[in-house]
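First up is the structure itself, then whatever we jot down about it.
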Amino acid sequence: MTSIDIRARGLVKRYGQTTALDHVDFAASPGESVAIMGASGSGKTTLLHSLAGIVLPDEGSILVGEPSSVVELTEMSESDRSEWRRTRFGFVFQQGMLIPELTALENVALPLMLGGRSRRDSFASASTLFGPLRIDGLQSKRIGQLSGGQAQRVAIARAQVTGASVIFADEPTGALDSATSKEVLSALLESTTGQGRTLVIVTHDPEVGARCDRVVHIVDGTLLATEPGDRVVATGRA
Amino acid sequence: MRGVVALRLAGMMIKPTGVSKATVALPVVAFAVATAMLLIVVGGASEIFRWTGADVDKYRSLAVVAVVLLVVPIVTLASSAARLSARRRDDRLAILRLLGARPALVTAVTVLESTAYAAAGAILGVALYGASLPLVGFIELRGAPLGASALWVGPVAAAGIVAAVAAVSCISSLVGIRGVVVSPLGVKLRTTAPRVRWGRLVVGAVVVVVAILVMNSIDRGGGFIVIAAVMAGVLGALLLVLSLVGPLVVRLVAVAEARFASSPVRLLAARKILDDPKGTWRAVGGVALTSFIAVVGGVAASLSAVEGQGDALLLAADIQTGVVMTLVISFVAVGCSVGVNQAAEILDRRQISISLDKLGVPRSVMERARYRAVLMPLAIASLAPAGVGVLLLLPQAGATLVTSPQSLVTIAVGIVGGIAIVALALLATRPVAASVFRDERTDA
């Protein structure tokens, strides 16, 4: 796993008359967890998608990579950005978004097989992630047979199986109850920042923000404030 | 009172917007194609039943065979279209549930709506049938073109078929809506894989034995009605056996594929088939018996052509024409059915597809897996029965097939062409898949 910095400057993204991002600057360093918080429609998911190369901003630059070899994400072709996402980034979505007809192990191994690794090798590597995430024994289960928390842990395993340096998470605990939410967040933090990976997480939940190193608040596409995570619950900002 | 409410709600929901336009157009077009094909088949069979003279009973028997063979893929197409139109109302149905509508009302609205689309498509199909008659009339039987007027079924029969298509849609949408759970928080698809039971093989074997016993116990001198009834019964039994055994065979092949798949495309396709072997077979199985009968009919035509003369030669040529027509119609029906089913699947799975795209999974991988999940069962459904037919006939007709292989070559070209038609139907769904990603990008 390589360490990757993300440096975004002056990001602007418009959808018709709506400005989703208005000259946003953002940075995340290796091993850091950053929560992006804001109300619905504030632009936080657009910011996450821009940083991950899923959508291209209309203006601004996003530099990603090791300090010695930084690349401009906005200048990459669609297929190059797609490859970056597959090999260097990992994603965890609100509903897990695992492939329902595949088993848990196949879901986790799929990114490796897509990268050209053999089936045996992919399955062996994927299987090693189940123990640390406390989902051992669920490898052959279909996604519909898993609880919400178990499915999210499988999604976390899938996000890190390629050795991704940056994990993007979009409301990863949004569909879980309070207790499961805490467990899943712990698993996510342990397997990301605990391993030197960067975690960028979009959330409504102040308790999630409080467990991150840093929280950035976005309102109407503008980044308002950055504060240490442990201040979020105290100020009650969401 | 509830009926009035359902009618009003159906009227309000029937106006399509945005993405739903495609999901309205597809079933309507599919209903139109199914109705037009059904009318052509019924028109052709009716004309044959009006004939008099030599070999008339043979022609009538063959017409019965063709009708039985074609009813399955055409009804499958109509059912697929109905299920698509029922399933596509997911979001609006969920809103109705949020507003406090009972499940029975939601079901009533869905059925009314999809039946309305079916009726509209069927009426369009009558127009399509009328427009195609001059062309279809060029088909030659007994040495002369059939003619457009001979294939016209008349207004009463046309209205009857429109009503039948609407009825099939009504029943299918009732079945289709049962496959999903409409809750106030949305529509949830089934999450557990259905099992294909081995008992099917036993039931299949019993059906075959009973069919043979019934065939042997019927008096062959009983005239055309008895012969036609026996043939229809045997074909019906074969269809039943295929519907029992087909999913099992498809499942076994997919299990082996999933266990050893070395590429993501093969793994995804195999798992997709295993997710619903019965549904997979239902979509393509309509060509199985057609392919088998086409080979048997084609070989019989070869034998007649080699050994016969005069009327026998004419009959052989007509069997060949009938076989090719039956193949083409059944593959077109399956092609349309596959197109409609795939469009429904793309829309059902749009959130997963969008997520995989975000993960960096190449869209080409998703598309190829989708194609493989259809074409592999289709190859099994068409080539395996055809191969069995050739093997069964080799002892009796081996020499004839070597010296006069034209019929078999024609059938082979027909089957390969049919598979190509289905492949084209799959390609035709690419814009629907592309629109899913396009819509996401503008929504992001």
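Points to keep in mind about this one:
- Taking the numbered list (1) out of contact with any His (no Cβ under 9 Å at 6 or more places or on another chain); (2) farther than 27 Å from A:Gln150 by Cα; (3) more than 9 Å from every other protein chain (Cβ to nearest Cβ) in turn, A:Ala124 passes all entries but (2).
- Selection status of A:Arg9, away from chain B (no Cβ under 14 Å) and either buried (at least 24 other Cβ atoms within 10 Å of the Cβ) or at pLDDT 90 or above (or both): yes
- Residues satisfying the stated conditions in segment A:42-71, i.e. in contact with a helix residue (DSSP H, G or I) (Cβ under 7 Å, 6 or more places away or on another chain), in a strand (DSSP E or B) and aliphatic (A, V, I, L, M): A:Ile62, A:Val64
- Screening B:Asp318 against (1) surrounded by fewer than 24 Cβ atoms within 10 Å (Cβ to Cβ); (2) at pLDDT below 80 leaves a single unmet condition, (2).
This table checks each residue for (1) part of a helix (DSSP H, G or I); (2) within 29 Å of A:Cys212 (Cβ to Cβ); (3) of a type in the set (Ser, Thr, Tyr).
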site	(1), (2), (3)
A:Arg117	no, no, no
A:Arg120	yes, no, no
A:Ala126	yes, yes, no
A:Leu133	no, yes, no
A:Gln150	yes, yes, no
A:Ala157	yes, yes, no
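- Residue in segment A:87-108 that is of a type outside the set (Val, Ile, Thr), in contact with a strand residue (DSSP E or B) (Cβ under 6 Å, 6 or more places away or on another chain) and over 23 Å from A:Arg211 (Cα atoms) present: no
- Flag if A:Thr74 is of a type in the set (S, T, N, Q), within 10 Å of chain B (Cβ to nearest Cβ), surrounded by fewer than 23 Cβ atoms within 10 Å (Cβ to Cβ) and not in a strand (DSSP E or B): no
- Yes/no for A:Ala35 being over 30 Å from A:Asp136 (Cβ atoms), among the hydrophobic types (A, V, I, L, M, F, W, C), part of a strand (DSSP E or B) and modelled with pLDDT of 90 or more: no
- Count of residues meeting criterion [more than 17 Å from the chain's Cα centre (by Cα) and over 16 Å from A:His204 (Cβ atoms)] in segment A:5-55: 17
- Every test in (1) at the interface with another protein chain (Cβ under 10 Å from one of its Cβ atoms); (2) surrounded by 15 or more Cβ atoms within 10 Å (Cβ to Cβ); (3) part of a helix (DSSP H, G or I) is passed by A:Ile99 save one, and that test is (3).
- Residue list for segment A:85-96, restricted to those being closer than 23 Å to A:Ser3 by Cα and more than 7 Å from chain B (Cβ to nearest Cβ): A:Thr87, A:Arg88, A:Phe89, A:Gly90, A:Val92
- When every residue of segment B:17-33 is checked against the conditions, at least one turns out to be among the polar types (S, T, N, Q), over 12 Å from B:Gly125 (Cβ atoms) and modelled with pLDDT under 60.
- Boolean, A:Ser68 is polar (S, T, N, Q) and either more than 14 Å from chain B (Cβ to nearest Cβ) or touching a Gly at 6+ places or on another chain (Cβ under 8 Å) (or both): yes
- Any hit, segment B:379-393, residues being within 14 Å of chain A (Cβ to nearest Cβ), at pLDDT 75 or above and closer than 22 Å to B:Glu345 by Cα: no
- Taking (1) more than 14 Å from chain A (Cβ to nearest Cβ); (2) farther than 30 Å from A:Ser77 by Cβ; (3) of a type outside the set (Val, Ile, Thr) in turn, B:Asp348 satisfies each apart from (1).
The values are calculated or read from the model by the stated rules, or taken from the named source; none is laboratory data. Just so it is clear, the model here is predicted, and its values are computed rather than measured. Backbone-built Cβ (ideal geometry, glycine too); neighbour counts: all protein chains shown.
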